[in-house]
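Report on one structure; see the data block that follows.
The values are calculated or read from the model by the stated rules, or taken from the named source; none is laboratory data. Please read these numbers as outputs of a predicted model, since none were measured by experiment. Positions of Cβ are generated from backbone atoms using ideal geometry, with glycine treated the same way; all protein chains shown enter the neighbour counts. Side chains are part of the model used for accessible areas, which takes the heavy atoms of the whole protein and leaves out ligands, DNA and RNA. Shrake-Rupley method; radii C 1.70, N 1.55, O 1.52, S 1.80 Å.
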Amino acid sequence: MFSSDMWAALRARWKLILGIFILSIALAILWISTVERIYVARASLLFDEKGPSPALQESSASQDDRSLLGTQADIIKSDAVARRVISAEKLLLNKRLADTWTKGGHKAGSFERWLTTDLLANLEVLPERDTNVLAVRFSAHNPDFAARIANSFAANFVSMRMQISTDTAKQYASWFQQRTNEVRAKLEQAQSRLTDFQRSHGIVDGSVLALEADRLGALSGQLAQAEGGAADLRARAGTRVSESPDVQSTAVIQSLRQQAAISEAKIGQLASNHGPNHPDMLAAQAELAVLRAKLGSETSTASRSLKVASSAASSRESQLQGLVSQQRARMLALSGNQSEVEALQNDVATAQKAYDAVTQRLNLMRLQSGLPTTNAQQVDRATPPLLPASPNVPLLLFIAALAGLVLGVLIAVILEVRRPLVRTSAGLMETIDASVIGRFNFAASRPGRILSGGM
């Protein structure tokens, strides 16, 4: 611990300490002004995992973020991005860079290759902690140039990603266009086969089989009715058709029978009163004969009519049986044709689904190829830094100030140790080991003021 005299000595030598402190800072400022400065500008890029398009996600949620950001950092530091920056910023026409390349003795190589290597050597791409953000840092002697190149790397990387996405989508769209033409041709072929088969077999639509089944049902019903009617007529038109109730029950025959019965009754009455040759008897017998002749004729006519009806019913029955047989044969043929039609329709449906799927994918790829965005976007633009990154001005000034202060105090202490002076009563007591009776401020006294040049 310093003694009280040492503290007093430091206070007395404050000008020396202050001078060394100022000199140290001045030397630091002089060195900072002469040393070459390097400025670092920073731009940042944000990567969205989902991307703008659900159909073509550029990354998956299950992918490791560090792997994703590491891959993108390598792409940013690639020669392809550097060449895009050189072209965008027209660095090949920069006279200062050309002079630097010439003075460096690189004429044997390519100026563009040298620029690419130099830009990538001064570029640093690092991921921010626990985020999907990449920091793009570029170092240069000029702060404006550093900011411009950092922004150019970020912007050209986003542009290149967009171009990669759209170019890939265009390639897919071209492939899907060819695929669409193929599936369209297959669909047309399937539809043509179905149409030709339907035309050749007379199939209008898929309901033909149902219509033919309805027709068969109708014919079967008519056949059943015809069979019942024919059987009934055959039963009524048997071997003794003249005695059939259908014949005997006709109105004409019943009327003739009544008239004949009346005539017979009349003859019976006449026979009881007149002889067989009586004119009235002869007239009555002649009338009865006429009635019986008419009755026989009508009975014969009715019998023939019943037989004709029975024959017609049998013919109708046979005709319907033939129609039913033909319809059944047609149904069997249509069943086979319908199976073939269903197979062809399935082929058409399958080709249609494939065509719809490829068309939908083609439209999606066309939309993706024209989508003006990507899952990477620039968040912060680099601005020209106010202070250089190297040398670190605040740190150097702090070190210079601290070193000047320590050096000033150390020199003051060394001088005081080499030529010690008694400056306080406590120091005097420590030096002569005697008690101090009193003290006064000589500098405040008149002699002290006179000696110090005051009045």
Seminar exercise, completed: So, with points 7 Å from each Cα along the Cβ direction, the Ser272-Ala293 label distance in nm works out to 3.0 nm
Exercise. So what does Leu93 come to for accessible area, using a 1.4 Å probe and Å² rounded to 10?
Worked result: 140 Å²
For this session: Leaving ligands, DNA and RNA out of it, rank Arg129, Arg42 by accessible area with a 1.4 Å probe, largest first.
Result: Arg129, Arg42
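Hey, with R₀ at 25 Å, roughly what FRET efficiency would Arg418 and Trp31 work out to, going by the Cβ-Cβ distance, to 0.05? Write down the numbers at each step before the final one.
On the way: r = 31 Å, r/R0 = 1.23.
It comes to 0.25.
Using heavy-atom solvent-accessible surface (probe 1.4 Å) with all chains present, what is the largest-first order of Ile414, Ile262?
Values: Ile414 85, Ile262 115 Å².
The most accessible residue leads, giving Ile262, Ile414.
Taking R0 as 22 Å, what's the FRET efficiency between Thr100 and Glu124 from their Cβ-Cβ distance, rounded to 0.05? It would help to have the intermediate numbers written out before the result.
On the way: r = 21 Å, r/R0 = 0.94.
Calculated transfer efficiency: 0.60.
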For this session: Return, ordered by residue number, the residues of segment 16-42 whose backbone nitrogen is under 16 Å from a label point located 7 Å along Cα→Cβ of Ala401.
Result: 18-30
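Using 0.36 nm per residue of separation minus the Cα-Cα distance, give me the extension gain between Leu387 and Gln177 in nm, one decimal.
Details: separation 210, 0.36 × 210 = 75.60 nm, distance 5.64 nm.
Stretched fully, the Leu387-Gln177 segment lengthens by 70.0 nm.
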Seminar exercise, completed: Probe 1.4 Å, all chains present, heavy atoms only: Ser110 accessible area in Å², nearest 10, is 60 Å²
For this session: Starting from the Cα of Lys15, step 7 Å along the direction of its Cβ; do the same at Leu410; then give the gap between the two resulting points in nm.
Result: 2.5 nm
For this session: Give the calculated FRET efficiency between Asp144 and Lys353 to the nearest 0.05, with a Förster radius of 60 Å applied to their Cβ-Cβ distance.
Result: 0.50
For this session: Please work out how much accessible surface Ser174 shows to a 1.4 Å probe, ignoring ligands, DNA and RNA, in Å² rounded to 10.
Result: 60 Å²
Seminar exercise, completed: Distance in nm between Gln189 and Phe111 label points, each 7 Å along Cα→Cβ, equals 6.0 nm
